[in-house]
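Below is one structure, written out as structure tokens; comments come after it.
The values are calculated or read from the model by the stated rules, or taken from the named source; none is laboratory data. Predicted model, so just to flag it, every value in this text is computed and none were measured. So basically every Cβ, Gly included, is an ideal-geometry build from the backbone, and we count neighbours across all protein chains shown. Accessible surface areas use protein heavy atoms only, side chains included; no ligands, DNA or RNA. Shrake-Rupley method; radii C 1.70, N 1.55, O 1.52, S 1.80 Å.
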Amino acid sequence: MGTYTSAEGGGTGIGVAAYDAAGGRITGIGTITGVTNPSYLAPHPNGRTLYAVAEQDAGAVTAVRLSDRKVLGSRSTGGAGPAHLSVHPGGRWLLSANYGSGSVAVHPIDSSGALGELRDSVTHSSPAPGPGQQGPHAHQFITGPDGGHVLAVDLGTDTVYSYRLDQRTGALTEVARAHTRAGAGPRHLTFHPGGRYAYLANETDNTVAVCAYDRGTGRLSVGRPQSTGTGSGTNYPAQFLVTANGAFAYLANRGHNSLTRYAVESGGARLRLLDTVPVDGDFPRQIAFSPDGRLLFAANQRSGTVSVFHVDIGSGELRRAGKPFASPVAVCALPL
């Protein structure tokens with residue numbers, strides 16, 4: 001579980017807990033210390049190493065060996081306020097997004113899981129910031145379904161940038177840009193398992209969009225804005241999840257304190273809003289499925305809790321699994 005170690009009431013490192021895969025009950029078992037503001041976490045594909053951002057002005061990424069919880073060291077991201085990171089499916093490259101400086105970074109991963117020095121980075125210098133934004137704000141950096149392209153979602157420039165990743169050198173080459181409407185504030189992109197479509201959460205204007213994806217070119221095309229089902233109040237949608245069978249999608253709503261459920265139709269090309277479910281917490285920053293997809297975890301930043309829901313595989317319905325688990329300034333929950 002990720003937190004802000006520098007925040008009032010925050011944690012002292014990466015929280016470690018066990019959970020009951022059947023009932024969803026969480027039990028705290030310790031903390032991995034020696035890490036600063038680990039607000040977002042991502043595992044290596046082989047399951048042996050965990051990576052965390054250090055969300056601070058001098059941004060960094062840290063590797064932790066899971067077998068003995070040993071911190072393997074940190075590397076600078078070359079930017080400020082990294083808020084997201086992911087591991088390329090090949091396991092050789094760590095991708096991170098610097099929210100504060102509007103840049104993305106690539107680090108090599110060695111055979112032990114440890115990180116090498118920054119290999120490449122790009123700062124989003126154009127287009128101009130959207131309405132109300134002072135500059136670029138890279139909020140996510142992920143690999144496309146084809147494996148050869150990586151995509152950076154920038155809230156500040158209302159743009160999703162597609163890069164070709166040289167899997168031998170780690171170099172980035174921009175190949176396309178997809179623009180939302182001005183002021184949408186795109187934050188988080190999640191691909192449908194079919195690989196031809198993705199779903200974009202727009203933080204600033206409280207909308208979502210279905211995007212088409214060309215695996216050959218890495219080009220994303222953003223569809224029309226759709227409702228989050230949360231009404232007209234301030235909402236700040238945060239993150240999408242899509243079920244492994246591609247039938248349902250869920251959106252975390254921080255202002256509305258809910259999870260929106262969508263039916264996914266037409267092979268991934270359509271989202272149909274079904275309902276919203278109270279998250280039983282305040283400000284759900286991040287959501288994640290258990291490996292078998294039968295539990296959904298929601299990290300509630302302001303209430304300092306992690307809520308757990310049973311997921312009905314057939315209907316997509318969510319059912320709360322007991323009381324939320326207390327976790328200081330819970331900004332990320334990563335079930336492994």
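None of VAL153, VAL122, VAL87 is crowded, with 17+ Cβ neighbours inside 10 Å, under 19 Å from HIS44 (Cβ atoms) and at pLDDT 95 or above except VAL87.
Considering segment 274-296 alone, what residues qualify as being closer than 22 Å to GLN140 by Cβ and either in contact (Cβ under 8 Å) with a residue 60 or more places away in the chain or in contact with a helix residue (DSSP H, G or I) (Cβ under 7 Å, 6 or more places away or on another chain) (or both)? Selection gives GLN286, SER290.
Residues are listed down the side, and each one gets a yes or a no for (1) buried (at least 23 other Cβ atoms within 10 Å of the Cβ); (2) within 18 Å of the chain's Cα centre (by Cα); (3) at pLDDT 95 or above; (4) among the hydrophobic types (A, V, I, L, M, F, W, C):
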residue: LEU271; (1), (2), (3), (4): yes, no, yes, yes
residue: VAL277; (1), (2), (3), (4): no, no, yes, yes
residue: LEU296; (1), (2), (3), (4): yes, yes, yes, yes
residue: VAL308; (1), (2), (3), (4): yes, yes, yes, yes
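Which of the numbered conditions does VAL160 fail, given that it passes all the others? Conditions: (1) of a type in the set (Val, Ile, Thr); (2) part of a loop (DSSP other than H, G, I, E, B); (3) closer than 25 Å to HIS44 by Cα; (4) open to solvent by less than 20 Å² (accessible area, probe 1.4 Å). It fails just one condition, (2). Report yes if some residue within segment 237-246 is surrounded by fewer than 21 Cβ atoms within 10 Å (Cβ to Cβ), touching a residue at least 40 places away in the same chain (Cβ under 8 Å), in a loop (DSSP other than H, G, I, E, B) and small (Gly, Ala, Ser); otherwise report no. The answer is yes, given that some residue of segment 237-246 is surrounded by fewer than 21 Cβ atoms within 10 Å (Cβ to Cβ), touching a residue at least 40 places away in the same chain (Cβ under 8 Å), in a loop (DSSP other than H, G, I, E, B) and small (Gly, Ala, Ser).
Sort out which residues of segment 33-56 are touching a Leu at 6+ places or on another chain (Cβ under 8 Å) and not in a loop (DSSP other than H, G, I, E, B), and write them in order of number.
LEU41, ALA42, PRO43, THR49, LEU50, TYR51, ALA52, VAL53
Only one of the numbered conditions (1) open to solvent by 50 Å² or more (accessible area, probe 1.4 Å); (2) in contact (Cβ under 8 Å) with a residue 12 or more places away in the chain is violated by SER266, and that is (2). Looking across segment 1-46, the residues that are open to solvent by 50 Å² or more (accessible area, probe 1.4 Å) and on the phi > 0 side of the Ramachandran plot come down to GLY9, GLY34.
Looking only at segment 323-334, residues that are surrounded by 15 or more Cβ atoms within 10 Å (Cβ to Cβ) and assigned to a loop (DSSP other than H, G, I, E, B) come to 8 in all.
Among the residues of segment 133-150 satisfying the criterion of being among the polar types (S, T, N, Q) and out of contact with any Pro (no Cβ under 8 Å at 6 or more places or on another chain), which is least open to solvent (accessible area, probe 1.4 Å)? Checked segment 133-150; the qualifying residue least open to solvent (accessible area, probe 1.4 Å) is GLN140.
Pairing residues of segment 95-118 that are within 20 Å of PRO45 (Cα to Cα) with residues that are basic (Lys, Arg) and in a strand (DSSP E or B), at Cβ distances under 8 Å and at least 6 apart in sequence or on separate chains, gives HIS107/ARG75; SER112/ARG65; GLY113/ARG65; LEU115/ARG75; GLY116/ARG75. Restricted to segment 190-236, the set of strands (runs of 3 or more DSSP E) holding at least 2 residues that are open to solvent by less than 20 Å² (accessible area, probe 1.4 Å) comprises 197-202, 207-213.
Note on segment 47-59: residues that are without any contact (Cβ under 8 Å) to a residue 60 or more places away in the chain, open to solvent by less than 10 Å² (accessible area, probe 1.4 Å) and more than 21 Å from GLN301 (Cβ to Cβ) amount to 0.
Under the condition of being more than 19 Å from ALA22 (Cβ to Cβ) and free of Cβ contacts under 8 Å to residues at least 40 places away in the same chain, the residues counted in segment 303-314 number 2.
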